[in-house]
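Since the structure comes first, as structure tokens, the remarks are kept for the end.
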Amino acid sequence: MSKRKPKKPAPARKRPESTAELRQALSRRKKAELVEALLELAQADRGVLRQLTAQFDVAAAPNQLVAATRQAIADATAFDQRDINRNFDYDYEAYHEVKRNLGRLIELGQLRPAMQLALELMKQGSYQVEMSDEGMMTGDIEDCLTVVLKTLTKCDLPAEEVIAWCMAMLDNDRVKFIAREPLQSLRNRFQAGAR
């Protein structure tokens, strides 16, 4: 079975949908119209919402960040069941949003919600890796988890809580290799400190 070759976009100067005409049309619009159009696009497409939120560094309250991160985890780890045991496409941008939001939560002093979201990512992400052919998204998952792991190495949470979280993360890894070494190392470090 041959793999589908991705279509390469035409060079910008040859594209029929060149942005020059769009630029001219947008330049004639009022700021309020442009803002309204962007909001409509963002509401209709979570990918556009993610891009705009990242590009304009939109601040959000912790509860909004938690909800946005949960949605990004769902988007990042989604796959079509018909593609099991294949190298299926996945949403790279959603993984980037998960990582960015985990960092933002930590900056806001919300380490525990970030830990809970990391556990959700481990559950759903390791399932996605298990169902794929080569687990190409493993690195993206580990990048997201690294944000939380680095913070935990220098946090002041009770050792029992960090150890329990590490154990839950290891237990919920369906493939038994996602961030395994850093999780075991963190667990051992806190176990040694608790003695």
Quiz item: Of these, 114, 74, which one is farther than 18 Å from residue 179 by Cα and of a type in the set (A, V, I, L, M)?
Solution: 74
Practice problem: For residue 53, state whether it is over 25 Å from residue 189 (Cα atoms), of a type outside the set (Asp, Glu) and either surrounded by 13 or more Cβ atoms within 10 Å (Cβ to Cβ) or modelled with pLDDT of 90 or more (or both). | Solution: yes
Quiz item: Given 134, 120, 142, 130, which one is more than 28 Å from residue 38 (Cα to Cα), touching a residue at least 12 places away in the same chain (Cβ under 8 Å) and part of a loop (DSSP other than H, G, I, E, B)?
Solution: 134
Quiz item: So residue 63 clears everything in (1) under 22 Å from residue 139 (Cβ atoms); (2) part of a helix (DSSP H, G or I); (3) not charged (D, E, K, R) except one condition, right? Which one?
Solution: (1)
Quiz item: Picking from 6, 16, which residue would you name as being at pLDDT below 90, part of a loop (DSSP other than H, G, I, E, B), over 21 Å from the mean Cα position of the chain (by Cα) and closer than 26 Å to residue 128 by Cβ?
Solution: 6
Quiz item: Given the structure, is residue 90 modelled with pLDDT of 95 or more and among the aromatic types (Phe, Trp, Tyr)?
Solution: no
Self-check item: Residue that is farthest from residue 143 (Cα to Cα), among those in segment 66-85 that are open to solvent by less than 40 Å² (accessible area, probe 1.4 Å) and β-branched (Val, Ile, Thr)
Solution: 66
Self-check item: Residues within segment 69-95 that are part of a helix (DSSP H, G or I) and either out of contact with any Asp or Glu (no Cβ under 8 Å at 6 or more places or on another chain) or over 17 Å from residue 49 (Cα atoms) (or both), tallied
Solution: 7
Quiz item: Can we say residue 32 is among the small types (Gly, Ala, Ser) and closer than 24 Å to residue 143 by Cβ?
Solution: no
Self-check item: When residues of segment 145-178 are limited to those that are without any contact (Cβ under 8 Å) to a residue 40 or more places away in the chain and buried (at least 17 other Cβ atoms within 10 Å of the Cβ), the one nearest to residue 97 (Cα to Cα)
Solution: 145
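The values are calculated or read from the model by the stated rules, or taken from the named source; none is laboratory data. What you see is a predicted model, and the numbers here were worked out from it, not measured in a lab. Positions of Cβ are generated from backbone atoms using ideal geometry, with glycine treated the same way; all protein chains shown enter the neighbour counts. All accessible areas refer to the heavy atoms of the entire protein, side chains included, with ligands and DNA or RNA removed. Shrake-Rupley method; radii C 1.70, N 1.55, O 1.52, S 1.80 Å.
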